[in-house]
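K.L.:
Below is the structure I would like to discuss, written out as C-alpha cells.
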Amino acid sequence: MTAVQIPELPKLPRRLPVRRIRQILCLLPLLLVTVVAVEHRSVLAEGFGHLRNAAWPWLLVAASATCLTWVAAALTRQGAVVESLPKRRLVATQFAAGAANHLLPTGLGASAVNLRFMTVCGLPLARSSAALALYLLAESIGRLGLLAALLIAFPDALRLGTLLPEGAVGPLLLAVAAALVVAAGVLAWVRRLRTAVLSFLRTALGEARSVHTRPARALALWGGSLAFPALQAAGLVAVGQALGLPVPPAHMALAYLAATVAVALVPTPGGIGSVEAALIVALVAAGGPVAVATAVVLAYRIITVWLPLLPGALTLGALVRLKVI
C-alpha cells in the first residue's frame, strides 16, 4: 500500500483567554486616567495652585460632601430594585462608576458599570435596564426639583439667560422636537423595534410599581435622588467659602444646579470642559467676580473629579478582577 500524506490544516488562532481579557480590562482604566490627566495637565496645575491658598476646614467639608455623594448614589441604586444588593460592594461600585463616568461620555461609564454589577448580582438584564432607567429618571427629577425650589425661593439670584448662547433656545427646541418626531416615526414603522420598546416599558413600569409598594425602597430612591445633587451643590458652596467667593451659599447652589442641567446633554467625558465653563458662567451670573469664580470651579473639580479619579480607577480594576462587575 502507498502511504498518503494528509496535508496539515492551518492552525486556527487561539482565542484570548478570559483571564487575559480581565487583566487587560483591569489596566485599561489606569491608561485612560493617564491620558486624560496629561491632556488636562494645565488645568490640574492651576487647580492645585488655587487649593494652596484656600481655607482647609472648608475644603474638608467639600471632600466629605463628595464622599457622601457615593453613599447617596448607592442608596438610590438600591431603591431602584426590590432585591437587596450587597451594601459594601454597592458603595464600592458607585466609587468605581464615578471614575468610569469621567473617562467615557457622560452617563455611559457609570451606567455600564452599574448594569454589569446588577446582572452579576443575579438580576435579569431586562430588569437591570429598567432599574437603571428608573434611577436616571429619579435623579433627573430630584435635580430639577431642587433647581425649581431654589428658583422659587430666590427668583433674582441668577440670570438664566447667560447660561445659553443668545439665540440658542429656538434652535434647541426645534432640534428636540425634530428628534421626537423622528423617534415616533421610527417606532411607528419598525414593528420589531416598537415591540422591544413596549416590552421594556412594561418591565420598567412593573419594576417601578414593585419598588413603590415598599416604603423603604421608595424612600431610598427619592431620598437618594434628592441628596445626590444637594451634596454636589454643597461641595461647591464649601469650596466657594474656602476661597472667599462673595456669593450667598444658596445662590451658589442654584448656580451649580442650573449649570449642570444646562450641560446635561453635552456628551463629553464626565462633563470635563463643558461643566467648568458652565459653572464659571453661572457663578458670574450669580454675582461672583470672574477670577474668583474661575478659581472656585477649578478647585472644586480637583476635589470632585481629579483626586478621586486614580483611586476610583484602581477600584474599578479591582472589581473587574474580583468579578464583582
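K.L.:
Go through the residues of segment 257-270 one by one and say whether even a single one is modelled with pLDDT under 80, buried (at least 21 other Cβ atoms within 10 Å of the Cβ), among the small types (Gly, Ala, Ser) and out of contact with any strand residue (DSSP E or B) (no Cβ under 9 Å at 6 or more places or on another chain).
P.N.:
Checked against the condition, which is being modelled with pLDDT under 80, buried (at least 21 other Cβ atoms within 10 Å of the Cβ), among the small types (Gly, Ala, Ser) and out of contact with any strand residue (DSSP E or B) (no Cβ under 9 Å at 6 or more places or on another chain), segment 257-270 yields no hits at all.
K.L.:
Looking at (1) part of a helix (DSSP H, G or I); (2) modelled with pLDDT of 60 or more, find the lone condition where Gln23 falls short.
P.N.:
Status for Gln23: all satisfied but (2).
K.L.:
Out of the residues in segment 52-80 that are more than 23 Å from Ala295 (Cβ to Cβ) and of a type in the set (Val, Ile, Thr), state the one that is surrounded by the fewest Cβ atoms within 10 Å (Cβ to Cβ).
P.N.:
So the residue we want is Val71.
K.L.:
From Asn114, Asn101, which residue is of a type in the set (S, T, N, Q), part of a helix (DSSP H, G or I), open to solvent by less than 50 Å² (accessible area, probe 1.4 Å) and under 19 Å from Ala204 (Cα atoms)? Can you show your working first?
P.N.:
Values: Asn101 fails: under 19 Å from Ala204 (Cα atoms).
Just a single option satisfies the conditions, and that option is Asn114.
K.L.:
Any idea how many residues of segment 51-88 are aromatic (Phe, Trp, Tyr) and within 16 Å of Gly224 (Cα to Cα)?
P.N.:
Of segment 51-88, the ones aromatic (Phe, Trp, Tyr) are 56, 58, 70.
With the extra rule that they be within 16 Å of Gly224 (Cα to Cα), the set shrinks to 70.
Going through segment 51-88 one residue at a time, the tally reaches 1.
The values are calculated or read from the model by the stated rules, or taken from the named source; none is laboratory data. Bear in mind that the values here come from a model prediction, so they are computed numbers and not experimental data. Counting neighbours? That spans all protein chains shown, and the Cβs are built from the backbone with ideal geometry, glycine included. Ligands, DNA and RNA are stripped out before the accessible areas are found, and what is left, the full protein with its side chains, is counted by its heavy atoms. Shrake-Rupley method; radii C 1.70, N 1.55, O 1.52, S 1.80 Å.
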